[in-house]
Amino acid sequence: MEKAFDTKVLVERLKAKGLDVAEEMVEIIVGETLDWAGESCAMHPNLMVKAMGVPAVAMLKPIALGLVDKIDGHVG
């Protein structure tokens, strides 16, 4: 990999494992996974997980979804 978070490399790795991934499917998976992680952090009994996890997931979600949006080579 030549640059960080290169989505083309990710797609090729997934295809090599037999997963032909459509951008829409990845968007759903990433979005739901991050929603689940945020909700889990919010209800976690450890206050550090709540205090740091919730905002971290909130900041990560738009970044991750922005990268997912580029999988097919087009924005949008």
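The values are calculated or read from the model by the stated rules, or taken from the named source; none is laboratory data. No experiment lies behind these values; they were computed from the predicted model shown. Ideal geometry is used to build each Cβ from the backbone, glycine not excepted, and the neighbour counts take in all protein chains shown. With ligands, DNA and RNA removed, areas are computed over all heavy atoms of the protein, side chains included. Shrake-Rupley method; radii C 1.70, N 1.55, O 1.52, S 1.80 Å.
Remarks
- Here, P(r) means the percent of Cα pairs in each 5 Å bin from 0 to the largest distance; for the chain it is 3, 15, 21, 20, 16, 12, 9, 4, 0.
- Using θ = phi - 60° in the Karplus curve 6.51 cos²θ - 1.76 cosθ + 1.60, the 3J(HN,Hα) couplings for the stretch 25-34 round to 5, 5, 4, 5, 4, 5, x, 5, 5, 6 Hz; x is entered for Gly and Pro.
- Cα-based Lys pair tally, the chain, threshold under 21 Å, eight or more apart or on separate chains: 10
- Heavy-atom accessible surface of the chain, averaged per residue, reaches 77 Å², computed with a 1.4 Å probe.
- Label-reachable residues, the stretch 43-70, where backbone N falls under 16 Å from a point 7 Å from Val30's Cα toward its Cβ: 57-70
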